[in-house]
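Student: Take this structure first; my questions come after.
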Amino acid sequence: MSSIAEATSKLLNVSTAHISQATCDAAMAKQIPWATTIPAVHGFFVYCHEEREEGGFDDLWLVIQLAVKHGFHYVLFDSDADGLDPVESGLPYNEW
């Protein structure tokens with residue numbers, strides 16, 4: 001049995017502007033073969049993992065790798081969330 005403290009996960013909440021609209025649309029439609037995505041009202045959740053067998057959607061992969069590096073288990077992409085500093089995070093910020 002696990003304790004409540006051991007049964008927690010870390011979630012990174014970021015703006016959908018850190019990925020392209022095409023990537024966001026594909027993730028919300030569950031059309032990214034290497035990613036486990038769950039659509040939400042204003043974006044989607046994605047499970048963080050360290051390896052992928054297929055390419056494509058490199059903008060999403062970049063955010064996942066940043067999240068893994070900082071110990072997160074999931075990312076919530078939300079159109080209402082604040083964007084991360086592009087210099088500090090190394091992530092692009094798209095106006096769409």
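The values are calculated or read from the model by the stated rules, or taken from the named source; none is laboratory data. Keep in mind the model is a prediction, meaning the values are calculated, not measured. Glycine gets a Cβ as well: all are built from the backbone with ideal geometry, and neighbour counts include every protein chain shown. Areas reflect the complete protein model, heavy atoms only, side chains present, ligands, DNA and RNA absent. Shrake-Rupley method; radii C 1.70, N 1.55, O 1.52, S 1.80 Å.
Student: Conditions: (1) among the hydrophobic types (A, V, I, L, M, F, W, C); (2) open to solvent by 30 Å² or more (accessible area, probe 1.4 Å); (3) closer than 14 Å to residue 17 by Cα; (4) in a loop (DSSP other than H, G, I, E, B). Residue 72 meets all but one. Number of the miss?
Tutor: Checking residue 72 against (1) among the hydrophobic types (A, V, I, L, M, F, W, C); (2) open to solvent by 30 Å² or more (accessible area, probe 1.4 Å); (3) closer than 14 Å to residue 17 by Cα; (4) in a loop (DSSP other than H, G, I, E, B), the one that fails is (3).
Student: Based on what the data block shows, is residue 46 open to solvent by less than 50 Å² (accessible area, probe 1.4 Å), free of Cβ contacts under 8 Å to residues at least 40 places away in the same chain and closer than 10 Å to residue 75 by Cα?
Tutor: yes
Student: I want to confirm something. Restricting to the stretch 1-17 and keeping residues that are modelled with pLDDT under 95 and among the β-branched types (Val, Ile, Thr), which single residue is surrounded by the most Cβ atoms within 10 Å (Cβ to Cβ)?
Tutor: Out of the qualifying residues, it is 8.
Student: For residue 22, work out the one condition from (1) in contact with a Phe, Trp or Tyr (Cβ under 6 Å, 6 or more places away or on another chain); (2) modelled with pLDDT of 95 or more; (3) surrounded by fewer than 16 Cβ atoms within 10 Å (Cβ to Cβ) it doesn't fulfil.
Tutor: (1)
Student: Could you tell me whether residue 35 is assigned to a loop (DSSP other than H, G, I, E, B) and either over 11 Å from the mean Cα position of the chain (by Cα) or not hydroxyl-bearing (Ser, Thr, Tyr) (or both)?
Tutor: When the stated conditions are applied, residue 35 passes them.
Student: Still on this structure, please answer the following. Is there any pair with a first residue in the stretch 80-96 that is farther than 16 Å from residue 70 by Cβ and a second that is part of a loop (DSSP other than H, G, I, E, B) and β-branched (Val, Ile, Thr) whose Cβ atoms are under 9 Å apart and which are 6 or more apart or on different chains, and what are they?
Tutor: Pairs found: 92/19; 94/19.
Student: Continuing with the same structure: Specify the residue that is nearest to residue 17 (Cα to Cα); the eligible residues are those in the stretch 46-69 that are in a loop (DSSP other than H, G, I, E, B) and of a type in the set (A, V, I, L, M, F, W, C).
Tutor: Selected residue: 57.
Student: Quick one: is residue 79 at pLDDT 95 or above and touching a His at 6+ places or on another chain (Cβ under 7 Å)?
Tutor: Yes.
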